[in-house]
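Working notes for the structure below.
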Amino acid sequence: MSAAPLPAIGKSVVIKGQIRSHEDLVIEGKVEGTIEMNDHQLTVATSGNLHASVNARDVEVHGMLEGTVDAADKVYIRKGASFVGDIRSAGIVIEDGGYIKGSVDLSQQSGSKRYVNGQSSR
């Protein structure tokens, strides 16, 4: 018996606006806007194309992400992935063949309490 598939935004889907998720999410399509999922993982599939501000526990990029990422734990830039923008996280993993251009701030403590719009997010 295999695990249930993660909720996904399909390859042909384009979203402009705000996404709030209370579960892990895979994006295969295009998103422009903001993504809020403080205690969950965001995965950008190889076909995924994001121009967004992301706040998540973990962010794993296989496709393209341009914008800002605030991750409580880790950001993973996988082989063939492209990231342009600013990262603030407790840790980062960049595989050989992963591309990153921008700033990286690793001063954030893993599991620390963060505040978003004046409210505690953990």
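For Lys30, the lysines whose Cα falls under 19 Å of its own Cα, not counting residues fewer than eight places away in the same chain, are Lys11, Lys16. Placing a label point 7 Å from the Cα of Leu6 along the Cα-to-Cβ direction, the residues of the range 56-76 whose backbone N falls under 13 Å of that point are 56-63, 74-76. Each listed q (0.12 Å⁻¹) maps to a log10 I(q)/I(0) for the range 9-85 from the Debye sum over equal C-alpha point scatterers, namely -0.25.
Can you tell me the relative contact order of the range 1-63? Whole percent, Cα pairs under 8 Å, sequence separation 6 or more.
28 percent
Compute the relative contact order of the range 2-106 as a whole-number percentage, counting only Cα pairs closer than 8 Å that sit 6 or more residues apart in sequence. Across the range 2-106, relative contact order equals 16 percent.
Karplus-based coupling profile of the range 52-60, in residue order and whole Hz: 8, 9, 10, 10, 8, 5, 9, 10, 10, with θ = phi - 60° in 6.51 cos²θ - 1.76 cosθ + 1.60 and x standing for Gly or Pro.
Once both labels are positioned 7 Å from their Cα atoms along Cα-to-Cβ, the gap between Ile15 and Thr34 label points is 1.4 nm. Here the spin labels are modelled as points 7 Å beyond Cα on the Cα-Cβ line, and at Asp96 and Val84 they lie 2.6 nm apart.
Taken together, the values in this text are just the output of simple stated rules run on the coordinates, not laboratory data. Keep in mind the model is a prediction, meaning the values are calculated, not measured. As a convention, Cβ positions derive from the backbone with ideal geometry for all residues, glycine included, and neighbour counts pool all protein chains shown.
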